[in-house]
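Student: This structure is in structure tokens; I'll ask about it shortly.
The values are calculated or read from the model by the stated rules, or taken from the named source; none is laboratory data. Being a predicted model, the structure only gives us computed values, none of them experimental. No Cβ is skipped: glycine too gets one built from the backbone with ideal geometry, and neighbour counts run over all protein chains shown.
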Amino acid sequence: MPAQQQLHVSTTSDEDCSAVEVDLVARAGGSAALGHAIGRAIRRSYDQVYDGKQTGRFHWAQLSKTEKTNAGSLVEIWLARELGLSDGSDLDFRIAGHEVDCKFSQRLGGWMLPPEALGHIAMLVTADDYLGTWSLGLLRITPDRVHSSTNRDAKATLNASGRADIRWIFKDAQLPPNALLRMSTADAIAVMSKHRQGRSVSGQERLDELFRRAQGLCISRTVIATVAQQEDPMKRVRSNGGSRSRLAAEGYLLLGHYRAHRAVARALGVPEPNSGEIVSIRVAPAESDSHEPTARINDTSWRLWRSGDDVVAAPPLAHAEGGNNPADL
């Protein structure tokens, strides 16, 4: 995954916010590791509320109002798990000796702040799965930074001064990708369709279509489960009758996290899959004078397939360290 974009911008010198930030970085083992941990927490929160394996849902607009409200609680839970945060006495967390209230909003500035947060530090989180970005900042909530509350629960929102004073630890960092949202709408509809040409489409067929249409994208286990909507969805990917063997004749390689697979991805300039991810590519034999990126597989050079190329079966590629086990992912 590309490096998280980090941006420290603060117009407040609140030393307690600084202490909380230092504590978070130390817990994660560095700033980059902190960004990855927060991104994972938000990704897992989205995936849990979508519940794609059971529902087939994969984006925010498909959720009910109650589910959208509950997403904030999931973000809080996953942040606590990823970062090992302790519960506060009155607010969500206790970090560096300070009570910290965690608030999530899909919309920047949409945080609803309870009266008990006044005078304390808020951890303000926002994310947009459509844009694939997230941000996290810290702010001490003071009367001059909030609008007068008209909410029946006495919750307030930040005013312009409050929004300007947020101490951003990460701003518009990359969210671990949701491949179904990185595809075109037409492709996503084609992949998720349960009927085609007057007949029902199996989960295996939907997965095959996913790998045809999501070339060059990191496809997570969650996306695979959302598309397959079957027990043991990863079985439908493997070589023994799954998409890897079904699509080989069409020239597709389904790259996993193994060293040989990642080397091919690196050589051809596509994302390198991490554990639990698949990157689908279509390949063709490379000409001897090719100036395009090529990968050496089984003593033959291969490049990415181009429209108009002949369709050639993809070469066999070891699916495990030190061997070629067709049952491995």
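Student: Counting only residues that are in contact (Cβ under 8 Å) with a residue 60 or more places away in the chain and under 14 Å from the mean Cα position of the chain (by Cα), how many does region 178-200 have?
Tutor: Residues in region 178-200 being in contact (Cβ under 8 Å) with a residue 60 or more places away in the chain and under 14 Å from the mean Cα position of the chain (by Cα): 3 in total.
Student: Any residue at all in region 287-308 that's part of a helix (DSSP H, G or I), farther than 28 Å from Gly56 by Cβ and modelled with pLDDT of 90 or more? Spell out the reasoning first.
Tutor: Kept after step one, since they are part of a helix (DSSP H, G or I), are these residues of region 287-308: none.
Looking for residues that are part of a helix (DSSP H, G or I), farther than 28 Å from Gly56 by Cβ and modelled with pLDDT of 90 or more, one finds none in region 287-308, hence no.
Student: Given the structure, is Trp134 within 16 Å of the chain's Cα centre (by Cα) and not small (Gly, Ala, Ser)? Explain how you work it out, then say what you get.
Tutor: Working: within 16 Å of the chain's Cα centre (by Cα): yes; not small (Gly, Ala, Ser): yes.
So Trp134 passes the test.
Student: For residues in region 75-94 being in a loop (DSSP other than H, G, I, E, B) and in contact with a strand residue (DSSP E or B) (Cβ under 9 Å, 6 or more places away or on another chain), which is surrounded by the fewest Cβ atoms within 10 Å (Cβ to Cβ)?
Tutor: At the first step, the residues of region 75-94 found to be in a loop (DSSP other than H, G, I, E, B) are 84-85, 88-92.
Checking which are in contact with a strand residue (DSSP E or B) (Cβ under 9 Å, 6 or more places away or on another chain) leaves us with 85, 88-92.
On the way: Leu85: 20, Gly88: 16, Ser89: 6, Asp90: 11, Leu91: 19, Asp92: 21.
The selected residue is Ser89.
Student: To continue, here is another question. Of all residues in region 219-256 being among the β-branched types (Val, Ile, Thr) and modelled with pLDDT of 95 or more, which is surrounded by the most Cβ atoms within 10 Å (Cβ to Cβ)? Can you show your working first?
Tutor: If we filter region 219-256 for residues that are among the β-branched types (Val, Ile, Thr), which is where we start, we get 219, 222-224, 226-227, 237.
So of that shortlist, the ones also modelled with pLDDT of 95 or more come out as 219, 222-224, 226-227.
Numbers: Ile219: 26, Thr222: 24, Val223: 27, Ile224: 24, Thr226: 27, Val227: 29.
Going through the qualifying residues, I end up with Val227.
Student: Further question: Just one of (1) more than 29 Å from Val223 (Cα to Cα); (2) surrounded by fewer than 16 Cβ atoms within 10 Å (Cβ to Cβ); (3) without any contact (Cβ under 8 Å) to a residue 24 or more places away in the chain trips up Ala122, so point out which.
Tutor: (2)
Student: Just checking, how many residues over region 272-312 are more than 30 Å from Ala225 (Cβ to Cβ) and touching a Gly at 6+ places or on another chain (Cβ under 7 Å)?
Tutor: 3
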